[in-house]
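Report on one structure; see the data block that follows.
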Amino acid sequence: LVSESNDVKVYRDFAHSPSKLKATLDAVREQFPERCLIAAFELHTFSSLSGSFLPEYVGAMNLADIAIVYFNAHVFEAKQMEMLEIDELTQTFGDHAIITNEKSILIELIEEAKNDCLDNGKKAVILMMSSGNFDGLDLATL
C-alpha cells in the first residue's frame, strides 16, 4: 500500500510477467470486489518489451475495470531493442486497455479513471504494476 484516502487506495506491485499480472489482479479484485479497479502496467523487462513474447500477455489485464499499459520509448533504445507499435500492444492487451508511452498522459489517464469511478459512486483501487518505477513517478501523489 503506497497511499490511501477514504475513497482511493494506491498499491504498488512488482508483477511484470503475465501470470503475475493475472494473479495480482485476481487477488486485488477478490479483496476489493466492490471497488473500481484501475490497473497500470509498465512494460519494462527484456521479455515484456519483446514482440515475440507479447502474446503471453493476452487476457492478463482483463480483471481490471480500467487497464492502462505504459512504456518508455527510451527503454527500447537503451536495451537496443526494436520499438513496439501501439497497434501490437492494443492487439495484445485488448481494446479496453489504454496504451501510452508518455508519462504525463499516464498521470492524466489515472486521474481521469479515478474521477470516473468516484463520479459513479464507486471507491477506487489503483494498482501500479512494474519491475521498473514508471520513470520515477511518485505513486503517493496518485
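Kindly indicate the residue of segment 100-132 that is surrounded by 16 or more Cβ atoms within 10 Å (Cβ to Cβ) and either of a type in the set (S, T, N, Q) or at pLDDT below 95 (or both) and also farthest from H44 (Cα to Cα) among those meeting that condition.
My answer is T100.
Are there any pairs, at least 6 apart or on different chains, whose C-beta atoms fall under 8 Å, with the first in segment 1-20 and touching a residue at least 60 places away in the same chain (Cβ under 8 Å) and the second part of a loop (DSSP other than H, G, I, E, B) and β-branched (V, I, T), and if so, which?
V10/V2; Y11/V2; R12/V2; H16/T45
Would you confirm, using the coordinates I've provided, whether Q91 is in a loop (DSSP other than H, G, I, E, B), of a type outside the set (D, E, K, R), farther than 18 Å from F134 by Cα and out of contact with any Asp or Glu (no Cβ under 6 Å at 6 or more places or on another chain)? Break it down stepwise before answering.
Working: in a loop (DSSP other than H, G, I, E, B): no; of a type outside the set (D, E, K, R): yes; farther than 18 Å from F134 by Cα: yes; out of contact with any Asp or Glu (no Cβ under 6 Å at 6 or more places or on another chain): yes.
No.
Name the residues in segment 61-88 that are part of a loop (DSSP other than H, G, I, E, B) and farther than 18 Å from M129 by Cβ, would you? Lay out the reasoning, then the answer.
Filtering segment 61-88 down to residues part of a loop (DSSP other than H, G, I, E, B) leaves 61-65, 71-72, 79-85.
Result: K79, Q80, M81, E82, M83, E85.
Those residues that are of a type outside the set (S, T, N, Q), in a loop (DSSP other than H, G, I, E, B) and modelled with pLDDT under 95, I need them from segment 15-57; list them, please.
Taking segment 15-57 as the starting set, the residues that turn out to be of a type outside the set (S, T, N, Q) are 15-16, 18, 20-23, 25-30, 32-44, 46, 49, 51, 53-57.
Now restrict to residues that are in a loop (DSSP other than H, G, I, E, B): 15-16, 32-35, 43-44, 46, 49, 51, 53.
Within segment 15-57, A15, H16, L43, H44, F46, L49, G51, F53 meet the criteria.
Condition (residue is surrounded by 20 or more Cβ atoms within 10 Å (Cβ to Cβ) and either aromatic (F, W, Y) or under 17 Å from A113 (Cα atoms) (or both)) applied to segment 50-60: is it met by at least one residue?
Narrowing segment 50-60 to residues surrounded by 20 or more Cβ atoms within 10 Å (Cβ to Cβ): 57, 60.
Add one more test, that the residue is either aromatic (F, W, Y) or under 17 Å from A113 (Cα atoms) (or both), and what stays is 57.
Looking through segment 50-60, at least one residue is surrounded by 20 or more Cβ atoms within 10 Å (Cβ to Cβ) and either aromatic (F, W, Y) or under 17 Å from A113 (Cα atoms) (or both).
Show the residue pairs meeting these rules: Cβ distance below 7 Å; 6+ apart or different chains; first residue within segment 122-142 and assigned to a helix (DSSP H, G or I); second residue small (G, A, S).
A140/S3
Between a residue in segment 35-61 that is without any contact (Cβ under 8 Å) to a residue 40 or more places away in the chain and any residue that is of a type in the set (S, T, Y) and assigned to a loop (DSSP other than H, G, I, E, B), which pairs come within a Cβ distance under 6 Å, given they are 6 or more apart or on different chains?
F53/S47
The values are calculated or read from the model by the stated rules, or taken from the named source; none is laboratory data. In this text the structure is predicted, and so the values were computed from the model without any measurement. Every residue, glycine as well, gets a Cβ built from its backbone with ideal geometry; the counts of neighbours run over all protein chains shown.
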